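Have a look at the structure below before the remarks.
The values are calculated or read from the model by the stated rules, or taken from the named source; none is laboratory data. On a predicted model such as this, the values are computed, not experimentally measured, just so you know. A quick note on method: Cβ atoms are made from the backbone with ideal geometry, for glycine too, and the neighbour counts reach across all protein chains shown. Surface accessibility is based on the protein's heavy atoms, side chains included, excluding ligands, DNA and RNA. Shrake-Rupley method; radii C 1.70, N 1.55, O 1.52, S 1.80 Å.
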Amino acid sequence: MSAHNVPELKKLILGIDHIGIAVPDLDTGRNLFAGILGLDEHHTEVNEGQGVSESMLAFPDSHGEIQLLAPLSPDTTIGKFLATRGPGIQQLALRVSDVEAVATHMREQGIRMLYDVPRVGTAGSLVNFAHPADCGGVLIEFVQHA
């Protein structure tokens, strides 16, 4: 990455938004994260476009969250993830002020993005993902809140 581009990118990345965890069903994830660890579930939705049922759980006094992702069917991205890797961390999501500007910057640095244009994510946010093969094996999601 060119050093002259880093300060501009630092202005766009606001922090960790959430960690996405693939689970076979939401009740399994809720049992651990809400039931045992005591996190508060504050948002659930079905995202047909992403092929998931999801739950957002918040930490007290923190901006970071846990996102539970359960597949709507075995042939979805999360369904395939569970079949090959089992339950666990699927992504690291960073909150950004401008998802398109971040995607442009990443492409300029040779990082492949999964989508040509951002897609609608949780609660109407705009999202795009950096390819894990270009990011040390980590799927990085960039989230611009609505």
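Worth pointing out:
- Selected residue (only one of Ala123, Ala103 is at pLDDT 95 or above and in a helix (DSSP H, G or I)): Ala103
- If the condition is being crowded, with 19+ Cβ neighbours inside 10 Å, over 17 Å from His18 (Cα atoms) and touching a Pro at 6+ places or on another chain (Cβ under 8 Å), then region 97-108 contributes only Ala103.
- Residue in region 76-96 that is in contact with a helix residue (DSSP H, G or I) (Cβ under 6 Å, 6 or more places away or on another chain), outside any loop (DSSP other than H, G, I, E, B) and open to solvent by less than 20 Å² (accessible area, probe 1.4 Å) present: yes
- Top-ranked residue of region 1-32 - restricted to ones that are at pLDDT below 90, of a type in the set (A, V, I, L, M, F, W, C) and in a helix (DSSP H, G or I), ranked as farthest from the chain's Cα centre (by Cα): Ala3
- Matching residues in region 57-72 - criterion: being charged (D, E, K, R) and part of a loop (DSSP other than H, G, I, E, B): Asp61
- Filtered residue count, region 44-67, keeping only those that are open to solvent by 30 Å² or more (accessible area, probe 1.4 Å) and of a type in the set (A, V, I, L, M, F, W, C): 2
- Top-ranked residue in region 33-56 [being part of a strand (DSSP E or B), out of contact with any Pro (no Cβ under 9 Å at 6 or more places or on another chain) and polar (S, T, N, Q); ranked as farthest from Thr77 (Cα to Cα)]: Thr44
- Flag for Ala70 being within 25 Å of Leu37 (Cα to Cα), surrounded by 13 or more Cβ atoms within 10 Å (Cβ to Cβ), of a type in the set (Gly, Ala, Ser) and modelled with pLDDT of 95 or more: yes
- Scanning region 50-64 for residues that are more than 18 Å from Asp25 (Cα to Cα) and at pLDDT 90 or above yields a single hit, Ala58.
- Exclusive hit being open to solvent by 20 Å² or more (accessible area, probe 1.4 Å), over 23 Å from Leu32 (Cβ atoms) and in contact with a helix residue (DSSP H, G or I) (Cβ under 7 Å, 6 or more places away or on another chain), set Ile140, Ile111: Ile111
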